[in-house]
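Pasting a structure below so you can have a look.
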Amino acid sequence: MGRQDYFKDEWAVSETVGFIIIFGIVMAGIGLVTLYGYPALLNQQTEANIRNMEKSMIVLQSDMNSLTFKNVPFQETTLQVAGGTFMVSKEPNPLKPYFEVTKGGFQIPGVPKFYPGELKFISEDGDAVIVTENGAIHKRYYSSAGGSVMISEPRWFYDEPTQTFVMSFLRINASRDFAQTGIGTVSMKNVNSEEHIEDVTGSTVRIEYRANPDDNYNIAWKNYFDKSDLKMTYDSGDGFYSKYKLDPSVKRLVIKTYYITVLSL
């Protein structure tokens, strides 16, 4: 091969072009994965964190049932909070949400408006919210205005043979404001309980739930009140409150109120 032919050899050029093409394909693949795959992976992880928190809330609901219906004085549960923040306020919102029970259009003596308080989880993106409120567990998305779903129900029931309707109210407060991420221990105790029994024979009894406009679970409660086994009838409402009447056959109303304090998260 002469000197002139040596400088005209194009093998090195072909290898360089091939390397550039392969490098471009690899970079395009990385770009596609970053553009589409990574957000999908993050979304799946977010949904997994939300599902795990739903299960944790159900465990805490079981703890509350032990504190209230089984008269266990103290409960402690270790849980992991991932993908968001778990919190509780020292005192419930003094204005809303609340429940109100009336008889014949008037508030029942000894049964004032009830402000339940809540244990709340907010996802990292600030969209998904899971709460325990008055013995129930709700989920909602801020991106879905007004929408909410009840994941687990409270312990209300109507006993037809005795014509007795039982309502349970659970008030949650805390020794101070708490917020937690990661692994923590939720300690709770039942500090007090009350029971009110009312003869409602021949009276119209209404139960009203009025939501906090900034944290609205009205749809979840409305769907629960619509359950056939409660035999409640829709009376009035809008996007922020629902009012229902108890069945006229109800002769005895039992209202059980429990006060739970969160000691630590």
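At 7 Å along Cα-to-Cβ for each site, give me the label-to-label distance between LYS251 and SER62 in nm.
3.9
Given the pairs LYS189/LYS227; LYS96/LYS189; LYS55/LYS222; LYS113/LYS245; LYS103/LYS222, which span a C-alpha to C-alpha distance of over 26 angstrom in this model?
Values: LYS189/LYS227 31 Å; LYS96/LYS189 24 Å; LYS55/LYS222 23 Å; LYS113/LYS245 17 Å; LYS103/LYS222 20 Å.
Going by Cα-Cα distance, LYS189/LYS227 fall outside the 26 Å limit.
In whole percent, what relative contact order does the chain give with Cα contacts below 8 Å and a gap of six or more residues? Mind showing how you got there, number by number?
Details: 524 pairs, mean separation 56.7, N = 265.
With pairs under 8 Å counted, the relative contact order is 21 percent.
Work the Kirkwood hydrodynamic radius out for the stretch 39-171: mean of 1/r over every pair of different alpha-carbon atoms, inverted, in Å.
Its Kirkwood hydrodynamic radius stands at 16.8 Å.
At 0.36 nm per residue, minus the direct Cα-Cα distance, what do ILE22 and GLN80 gain on full extension? Give it in nm, one decimal, please. Provide the component values of the computation, followed by the final result.
Working: separation 58, 0.36 × 58 = 20.88 nm, distance 4.44 nm.
Residue separation times 0.36 nm, minus the Cα-Cα distance, leaves 16.4 nm.
Round to the nearest 10 and give me the degree value, 0 to 90, for the angle of helix 11-32's Cα axis relative to the longest principal axis of the chain.
10
Using only the alpha carbons, work out the radius of gyration and Dmax of the stretch 107-189 in angstrom.
16.2, 49
Further question on the same structure: Using the Cα atoms as the points, what is the convex hull volume per residue of the chain in Å³? Numbers along the way, then the final one.
On the way: hull volume 47.2 nm³, N = 265.
Convex hull of Cα atoms, per residue: 178 Å³.
Does a label point 7 Å from the Cα of ASN192, set along Cα-to-beta-carbon, have any residues of the stretch 71-97 with amide nitrogen under 12 Å, and which are they?
none
Same structure again: For the stretch 137-182, what does the convex hull of the Cα positions come to per residue, in cubic angstrom?
Values: hull volume 7.3 nm³, N = 46.
With only Cα atoms used, the stretch 137-182 gives 159 Å³ per residue.
A further question on this structure: Report the label-to-label distance for ASN71 and GLN44 in nanometres (one decimal), using points 7 Å from each Cα along the Cα→Cβ vector.
5.1
Each reported figure results from applying straightforward, stated rules to the coordinates on display, with no laboratory input. These numbers come from a predicted model, not from an experiment. Because the Cβ atoms are built from the backbone with ideal geometry, glycine has one as well, and the counts that use them run over all protein chains shown.
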